[in-house]
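To keep things clear, I will list the structure first and then write my remarks on it.
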Amino acid sequence: MRLVIVGASGSVPGPASAASCYLVEAEDENGRTWHVVLDLGSGAAGSLQRYLDPRELDAIAISHAHADHCADLAVMDVYLRYASPDEPVSVPVHGPFGLAGRIAEMRGVAEHSEVLPTIAWQPGVPVRIGPMTITCAAVEHPIPAYAIRVEGPSERGGDAVLAYSGDTDACEGLEAIAEGADLLLCEASFLEREDRPLGMHLTGARAGQVAERSGVGRLLLTHIPPWTEPYETVAEAAAEYSGPLGAAHAGMRVYL
């Protein structure tokens with residue numbers, strides 16, 4: 001599997017990055033490459049086109065329905081309809097219950113999208129997309145939200161596991177998804193010195209604690225807002241996590 005950071009900015013798009021969007025790719029035994037996007041936040045549909053034609057996507061997985069994680073589904077609807085109007089392409093969207101209505105709301109219409117059929121997450125029930133198996137678990141956020149685990153072929157042979165936090169505070173669901181993962185792609189929106197509410201987002205320190213308890217091979221911090229310096233977040237996590245870590249940035253590629 002390969003992970004491409006399409007957008008890593010937290011809460012809003014930033015000057016150097018779209019909001020949350022992560023492209024995961026893997027080859028099957030016949031050499032076909034499968035493409036799955038985790039989240040499609042504000043500004044991400046444009047950035048995604050640097051890496052592939054959106055019509056090549058095999059699936060989109062949405063962690064939750066806040067705009068910085070799903071707003072560009074409305075843009076994707078337009079692209080899939082009109083890039084090849086004689087044969088519109090359909091891409092399934094896995095996400096929280098009610099996502100079809102959310103897409104319609106963002107499109108400003110009543111009817112559900114024909115090119116973005118939605119499939120509601122069922123925690124613990126695996127979804128097979130080519131050589132990748134995706135499972136989810138409910139996590140701690142003000143609206144229904146899920147962390148996502150992707151298992152697939154490793155670039156080094158055997159299998160690899162990518163765990164993605166979505167948006168969450170520390171909770172059992174996140175640790176279940178992260179357990180033993182080769183890479184934990186983890187949000188860290190807050191800093192410990194800030195007076196921020198619990199039950200919404202992680203700090204760098206709490207992300208580091210989750211990674212340490214879950215025994216992950218590597219921690220990659222993401223969803224850092226434009227008003228926060230990434231080095232502060234990384235420093236917090238480094239005080240809690242003993243493995244390799246860093247901050248995600250648009251254009252980064254990680255081979256699992």
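The values are calculated or read from the model by the stated rules, or taken from the named source; none is laboratory data. Treat the numbers as computed from the prediction; the structure is a model and nothing was measured. Reconstructed Cβ throughout: ideal geometry from the backbone, glycine too, with neighbour counts over all protein chains shown. Note: areas computed on protein heavy atoms with side chains; ligands, DNA, RNA excluded. Shrake-Rupley method; radii C 1.70, N 1.55, O 1.52, S 1.80 Å.
Filter region 14-49 down to the residues that are open to solvent by 10 Å² or more (accessible area, probe 1.4 Å) and either free of Cβ contacts under 8 Å to residues at least 60 places away in the same chain or of a type in the set (Ser, Thr, Tyr) (or both) and list them by number.
If the condition is that a residue be open to solvent by 10 Å² or more (accessible area, probe 1.4 Å) and either free of Cβ contacts under 8 Å to residues at least 60 places away in the same chain or of a type in the set (Ser, Thr, Tyr) (or both), then Ser17, Glu25, Asn30, Gly31, Thr33, His35, Ser42, Gly43, Gly46, Ser47, Gln49 are the ones that fit.
Under 9 Å between Cβ atoms, at least 6 apart or on separate chains: pull out the pairs that start in region 58-70 with a residue that is closer than 13 Å to Gly98 by Cα and end on any residue that is of a type in the set (Phe, Trp, Tyr) and not in a helix (DSSP H, G or I).
Ile62/Trp121; Ile62/Tyr146; Ser63/Tyr146; Ser63/Tyr164; His64/Tyr146
Against the definition (within 19 Å of Met252 (Cα to Cα) and touching a Phe, Trp or Tyr at 6+ places or on another chain (Cβ under 8 Å)), how does Leu162 come out, yes or no?
no
Looking only at region 218-235, count every residue that is open to solvent by 40 Å² or more (accessible area, probe 1.4 Å) and either among the polar types (S, T, N, Q) or closer than 25 Å to Ala176 by Cβ (or both) and tell me the total.
Going through region 218-235 one residue at a time, the tally reaches 1.
Can you spot a residue in region 88-104 that is part of a loop (DSSP other than H, G, I, E, B) and among the β-branched types (Val, Ile, Thr)?
Yes, that holds for at least one residue.
Which condition from (1) of a type in the set (Gly, Ala, Ser); (2) surrounded by 21 or more Cβ atoms within 10 Å (Cβ to Cβ); (3) over 20 Å from Arg253 (Cα atoms) is the one that Ala61 breaks?
All conditions pass for Ala61, except number (3).
Residues being touching a residue at least 40 places away in the same chain (Cβ under 8 Å) and surrounded by fewer than 20 Cβ atoms within 10 Å (Cβ to Cβ): count how many of those fall in region 193-213.
Total satisfying the criteria: 2.
How about region 111-155: which of its residues are of a type in the set (A, V, I, L, M), touching a strand residue (DSSP E or B) at 6+ places or on another chain (Cβ under 8 Å), surrounded by fewer than 17 Cβ atoms within 10 Å (Cβ to Cβ) and in contact (Cβ under 8 Å) with a residue 24 or more places away in the chain? Let's see the steps before the verdict.
Going through region 111-155, the residues of a type in the set (A, V, I, L, M) turn out to be 115-116, 119-120, 125, 127, 129, 132, 134, 137-139, 143, 145, 147-148, 150.
Subsequent filtering for residues that are touching a strand residue (DSSP E or B) at 6+ places or on another chain (Cβ under 8 Å) retains 116, 119-120, 125, 127, 129, 132, 134, 137-139, 145, 147-148, 150.
Still in the list and also surrounded by fewer than 17 Cβ atoms within 10 Å (Cβ to Cβ): 119-120, 125.
Matches in region 111-155: Ile119, Ala120.
Give region 50-72 a look and list any residue that's part of a helix (DSSP H, G or I) and over 19 Å from Ile148 (Cβ atoms), or say none.
Listed by number, the residues that qualify are Pro54, Arg55, Glu56.
Just to be sure before I move on: is Ala237 modelled with pLDDT of 95 or more, more than 15 Å from the chain's Cα centre (by Cα) and of a type outside the set (Asp, Glu) in the structure I sent?
Against the criterion (modelled with pLDDT of 95 or more, more than 15 Å from the chain's Cα centre (by Cα) and of a type outside the set (Asp, Glu)), Ala237 qualifies.
Which condition number in (1) in contact with a His (Cβ under 7 Å, 6 or more places away or on another chain); (2) closer than 17 Å to Arg149 by Cβ; (3) without any contact (Cβ under 8 Å) to a residue 40 or more places away in the chain; (4) not basic (Lys, Arg) is the one that Glu187 fails?
(3)
Scan region 68-91 and tell me whether some residue there is surrounded by 15 or more Cβ atoms within 10 Å (Cβ to Cβ) and among the hydroxyl-bearing types (Ser, Thr, Tyr).
yes
Against the definition (farther than 19 Å from Val91 by Cα, in a loop (DSSP other than H, G, I, E, B) and not acidic (Asp, Glu)), how does Ser11 come out, yes or no?
Details: farther than 19 Å from Val91 by Cα: yes; in a loop (DSSP other than H, G, I, E, B): yes; not acidic (Asp, Glu): yes.
So Ser11 passes the test.
Looking for whichever is of a type in the set (Val, Ile, Thr), part of a helix (DSSP H, G or I) and closer than 24 Å to Ile224 by Cβ here; the options are Val75, Val24. Which one fits?
Unique residue meeting the criteria: Val75.
Consider region 156-180. How many of its residues are on the phi < 0 side of the Ramachandran plot, exposed (fewer than 13 other Cβ atoms within 10 Å of the Cβ) and part of a loop (DSSP other than H, G, I, E, B)?
Qualifying residue count for the region: 1.
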